[in-house]
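A quick write-up on the structure given underneath.
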Amino acid sequence: TWFQSAVGLAVLANTVVVGLETDMSWEGWGVIEQLFLLFFVLELLCRMLHRGARFFDPQDGIWWTLFDMFVVGLGLSELCILPLYARQRQTPAMALRGLRLLRLLRLLRVFRMFDYLQKFVDSLLDMLPTLIWIFVLLFLLCYVFAVVLTNCFGKQDVLVDQDITAEERDALTQHFGDVMTTLFSLFRILTMDSWHDIAKPIINNWPLWRMFFVFFIAFGSWTMISLLTAVVSDNMLAATADMKELEIKRAHDAKMEFLKWLHACFWAHDLDGNGKLDRDEFIRWAEDEATLKQLQRVGINMRNEELVALFDVFDVEDQQVLSIDEFVDGLARAQDPLSMKHMVMLEHMFKKVDRKVTQQSHEMRRRSATEKDLGMPSQFSQMLAQMQELGRQQQTIFQEQARLSTAVQDIQRFLTETLTPVAETPRSPWTPRMPGRKSSSAA
């Protein structure tokens with residue numbers, strides 16, 4: 001909502017101010033921080049008044065609520081501590097620095113206010129057990145090799161009898177002097193950070209150890225890091241799919257709310273209570289400013305005269321009244337964006353009308369032939385005129401169907417040319433969209 005967005009922007013702005021306050025000395029930082037604190041206190045009070053007894057509901061995010069109260073309480077504590085130390089002419093540097101750094105905890109509130117960030121955090125927490133086991137395997141691998149390398153190359157009593165230069169001996173002691181130092185050196189090898197400088201003293205004097213470094217880099221750096229990337233990518237793709245389902249659910253809920261509103265409008269403007277909306281009642285509804293605003297919220301941007309013209313469109317049977325189904329279904333379809341589904345439905349509708357007209361034409365020809373045989377020329381002439389009129393209507397329908405088929409083929413060709421490169425090279429949801437390429441929704 002707009003309220004959550006405003007609070008999230010305030011949290012981000014406060015975080016930026018904390019960074020500027022760290023690098024720049026200015027007397028106005030305290031006033032700005034007090035304004036932010038006042039905003040967060042008012043925001044907390046507004047949420048308490050809005051939610052009432054549900055503010056501490058365990059099923060409604062009580063831990064986030066307690067965290068918000070804790071962060072606001074830290075700001076109030078800092079506001080109370082500063083005057084106390086100012087009165088005693090003392091400067092509690094460490095205490096103030098700690099309280100100011102705790103302001104950064106407010107940034108965590110952003111993950112709660114935006115559903116996308118919260119979904120990503122949830123996916124990270126879901127993959128955390130798998131990541132922990134991968135890191136445990138990497139640590140055990142590095143620990144075992146750290147013990148071996150420290151015993152082979154890190155101890156001076158081992159290197160005394162070796163025919164190596166003093167510079168190489170110092171390098172070996174520097175990189176493999178103890179287990180913790182060797183662990184860090186192996187971590188640098190995993191990250192490919194100047195690993196050749198670490199391995200060079202060993203490779204120059206013991207060439208067979210080249211196989212060890214090849215194995216360690218291939219397994220530890222390439223295989224395990226690739227496995228980490230695969231786990232993260234899989235969970236992020238699953239999170240993206242969940243967000244798409246969430247968007248579909250939100251769109252469905254919004255449409256259901258719109259349908260409820262349409263039902264309420266129908267019965268509210270059915271002044272005579274006959275279950276129908278006549279033209280005057282529809283015009284009265286269409287000219288209401290609240291109606292236009294609500295329709296604009298759901299994506300129906302029409303002027304009053306355009307909305308009034310829909311009466312004749314919805315009145316298919318030309319009865320000068322609209323039933324609740326005609327009213328609700330017509331406006332519900334006006335909300336949906338034009339898509340290939342609508343084009344296909346329109347084409348099939350033309351085909352059905354064409355089939356119906358053809359059947360009626362054959363029936364009228366058969367009846368006219370029968371009446372001509374029975375000696376009924378006047379009725380035959382009348383039926384023949386009607387048949388000719390139906391033939392003209394059928395010809396018009398054929399022309400409209402041909403134009404519609406051409407339009408559908410053009411749209412299908414356009415979608416095929418636009419979407420084929422995307423289908424051939426699947427793009428990750430985290431890959432930035434290249435300029436100039438249109439998405440299927442844009443098409």
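Among what's in region 47-64 and is within 23 Å of Arg103 (Cβ to Cβ) and modelled with pLDDT of 80 or more, pick the residue that is most open to solvent (accessible area, probe 1.4 Å).
Per the criteria, the residue is Met48.
So which helices (runs of 4 or more DSSP H) are wholly in region 256-318 and hold at least 3 residues that are of a type in the set (S, T, N, Q) and at pLDDT 85 or above?
Of the helices (runs of 4 or more DSSP H) lying wholly inside region 256-318, none has at least 3 residues that are of a type in the set (S, T, N, Q) and at pLDDT 85 or above.
Return the residues of region 298-312 that are more than 22 Å from Lys260 (Cα to Cα) and exposed (fewer than 11 other Cβ atoms within 10 Å of the Cβ); say none if nothing qualifies.
Arg303, Glu305, listed by residue number.
At pLDDT below 70, of a type in the set (Lys, Arg), in a helix (DSSP H, G or I) and within 51 Å of the chain's Cα centre (by Cα), is that true of Lys372?
Against the criterion (at pLDDT below 70, of a type in the set (Lys, Arg), in a helix (DSSP H, G or I) and within 51 Å of the chain's Cα centre (by Cα)), Lys372 does not qualify.
Could you list, in sequence order, all residues of region 202-218 that are open to solvent by 70 Å² or more (accessible area, probe 1.4 Å) and either touching a residue at least 24 places away in the same chain (Cβ under 8 Å) or of a type in the set (A, V, I, L, M) (or both)?
Asn204, Leu208, Met211, Val214
If I ask for residues that are closer than 15 Å to Leu331 by Cα and either surrounded by 11 or more Cβ atoms within 10 Å (Cβ to Cβ) or of a type in the set (D, E, K, R) (or both), which ones from region 242-266 would you list?
Correct list: Ala254, Lys255, Glu257, Phe258, Leu259, Lys260, Trp261, Leu262, His263, Cys265, Phe266.
Return the only residue of Arg89, Arg97 being open to solvent by 60 Å² or more (accessible area, probe 1.4 Å), at pLDDT below 70 and not in a helix (DSSP H, G or I).
None of the others qualify; the one that does is Arg89.
Which residues, taken from region 24-44, are assigned to a loop (DSSP other than H, G, I, E, B) and open to solvent by 40 Å² or more (accessible area, probe 1.4 Å)?
Met24, Ser25, Trp26, Glu27, listed by residue number.
Enumerate the pairs (first residue in region 184-198 and at positive phi; second residue anywhere and assigned to a helix (DSSP H, G or I) and β-branched (Val, Ile, Thr)) with beta-carbon separation below 7 Å, excluding pairs fewer than 6 apart on the same chain, so at least 6 apart or on different chains.
Every condition considered, no pair remains.
Looking at region 132-147, is at least one residue of a type in the set (Ser, Thr, Tyr) and closer than 30 Å to Val7 by Cα?
The answer is no; no qualifying residue exists.
Taking the condition of being part of a loop (DSSP other than H, G, I, E, B) and either over 52 Å from the mean Cα position of the chain (by Cα) or under 12 Å from Ala199 (Cα atoms) (or both), how many residues in region 161-180 meet it?
Summing the residues that are part of a loop (DSSP other than H, G, I, E, B) and either over 52 Å from the mean Cα position of the chain (by Cα) or under 12 Å from Ala199 (Cα atoms) (or both) in region 161-180 gives 5.
Among the candidates Thr173, Thr191, which residue alone is among the β-branched types (Val, Ile, Thr) and open to solvent by less than 60 Å² (accessible area, probe 1.4 Å)?
Thr173
Name the residue, out of Ala199, Ala239, that is surrounded by 17 or more Cβ atoms within 10 Å (Cβ to Cβ) and under 30 Å from Gln118 (Cβ atoms).
Residue meeting the stated conditions: Ala239.
The values are calculated or read from the model by the stated rules, or taken from the named source; none is laboratory data. From a predicted model like this one, the values you see are computed outputs, not experimental measurements. All Cβ positions, glycine included, derive from the backbone under ideal geometry; neighbour counts span all protein chains shown. Remember, those area values only see protein heavy atoms, side chains included, never the ligands or the DNA or RNA. Shrake-Rupley method; radii C 1.70, N 1.55, O 1.52, S 1.80 Å.
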